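The values are calculated or read from the model by the stated rules, or taken from the named source; none is laboratory data. For clarity, every value in this text was computed on a predicted model and none was experimentally measured. Cβ: placed from backbone, ideal geometry, glycine included. Neighbour counts: every protein chain shown.
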Amino acid sequence: MSEMSERDLRIVTAAFRLFAHYGVGKTSMAEIATESGVARQTVYNAFDGKEDLVFAALLHYAGKSAADVARDCDGVADLPGRLEILFRHLAEVPFEAMQRLPHLDEILEVGEGLSEERRMEIRELYVGAIRMVLAPHERDFERHGVALECLAELLKGVLTTVKREARDNGHLRDLFEPAKALIVGCVREQTACPR
């Protein structure tokens, strides 16, 4: 998906707010138009329907998260620091949003029902951010038989799971720490990571 116009971004953010507060099913396109300050036909001209709006919103927020990770990692060389930045933007911030927004689960359910191509487009933004965080240590991982791409995919799965399973922020941290310790330990150890 190409970069959204300012108008389309207004529509998408308004739709996301309404979906999160009232639910996807209970939010009308007319309400989205009113909330975003455009005519209803403008919403229909820009987006095929609610599923298209959910996709655009999830893609936008994935891109924003990836950009935030890249910005905050600029100048940070140490792996623990980079993993903390990743944890903040891909686990803590979304987890806190999940606690505040009563219908976020419905948005995510619609997101899970998107086409494989659309889900992969969103996923690639997150995996790309993870890859960028890990990339300075790629040789260290490879020396231990760990491919960067596989580790990035694994860490994406870990971050998704800890957000879903955590009871609170402390538990979220507790669930992430073992993965962080294993990744950092793999880089610091002179012997191969356990297989």
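One residue stands out in region 1-14 among those that are at pLDDT 95 or above and under 18 Å from the mean Cα position of the chain (by Cα): the one that is nearest to Asp52 (Cα to Cα), namely Val12.
Which of the following residues is outside any helix (DSSP H, G or I), in contact (Cβ under 8 Å) with a residue 40 or more places away in the chain and either farther than 22 Å from Glu124 by Cβ or acidic (Asp, Glu) (or both): Val24, Val76? Answer to the selection: Val24.
Yes or no: Arg164 of a type in the set (D, E, K, R) and out of contact with any helix residue (DSSP H, G or I) (no Cβ under 7 Å at 6 or more places or on another chain)? Against the criterion (of a type in the set (D, E, K, R) and out of contact with any helix residue (DSSP H, G or I) (no Cβ under 7 Å at 6 or more places or on another chain)), Arg164 qualifies. Out of region 28-58, which residues are under 22 Å from Arg119 (Cβ atoms) and either in a helix (DSSP H, G or I) or not charged (D, E, K, R) (or both)? Hits for region 28-58 are Ala46, Phe47, Gly49, Lys50, Glu51, Asp52, Leu53, Val54, Phe55, Ala56, Ala57, Leu58. Within region 146-164, residues that are surrounded by fewer than 17 Cβ atoms within 10 Å (Cβ to Cβ) and polar (S, T, N, Q) sit with their Cβ atoms under 8 Å from residues that are part of a helix (DSSP H, G or I) and at pLDDT 95 or above, at 6+ positions apart or across chains, in these pairs: Thr161/Leu175.
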